[in-house]
Amino acid sequence: MEKRMFDKTRRQIEMERDYLKLRMHLMKQDAKDEWEKLEGKWGELEDSMRLMKYDAEKTGEKVTESLGEAAEELKKGYEKFRERLTKPLK
């Protein structure tokens, strides 16, 4: 391989490498932000579930449908996060 071609190939590889390093850094921050958001929702859901369980035990009422919907939404959020973490980089 001649020197010019070698230098061009090296620059292309270096640019791709730098791009991928930047993407990984940004993905880490995005993933961290998304995780913190999900964890906040988890904390709220846990608190709500504790209160609802206590109220249900006192009054004999069932847990409300909205709490179930919140739990399902959070479950889907964690599933989406898992998919994102296991998805190959492009």
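Criterion first (at pLDDT 85 or above, part of a helix (DSSP H, G or I) and within 30 Å of PRO88 (Cα to Cα)) does ARG10 satisfy it? Considered against the rule, which asks whether it is at pLDDT 85 or above, part of a helix (DSSP H, G or I) and within 30 Å of PRO88 (Cα to Cα), ARG10 comes out as yes.
Could you please give the count of residues in the stretch 1-25 that are surrounded by 10 or more Cβ atoms within 10 Å (Cβ to Cβ) and either under 18 Å from LYS80 (Cβ atoms) or among the acidic types (Asp, Glu) (or both)? Working first, answer last.
Here is the first cut: in the stretch 1-25, the residues surrounded by 10 or more Cβ atoms within 10 Å (Cβ to Cβ) are 6-25.
Then drop every residue that is not either under 18 Å from LYS80 (Cβ atoms) or among the acidic types (Asp, Glu) (or both), which leaves 7, 14, 16, 18.
Of the residues in that region, 4 qualify.
Of all residues in the stretch 35-64, which are at pLDDT 90 or above and among the aliphatic types (A, V, I, L, M)? Within the stretch 35-64, just LEU38 meets the criteria.
The values are calculated or read from the model by the stated rules, or taken from the named source; none is laboratory data. These figures come from a predicted structure and were not determined experimentally. So basically every Cβ, Gly included, is an ideal-geometry build from the backbone, and we count neighbours across all protein chains shown.
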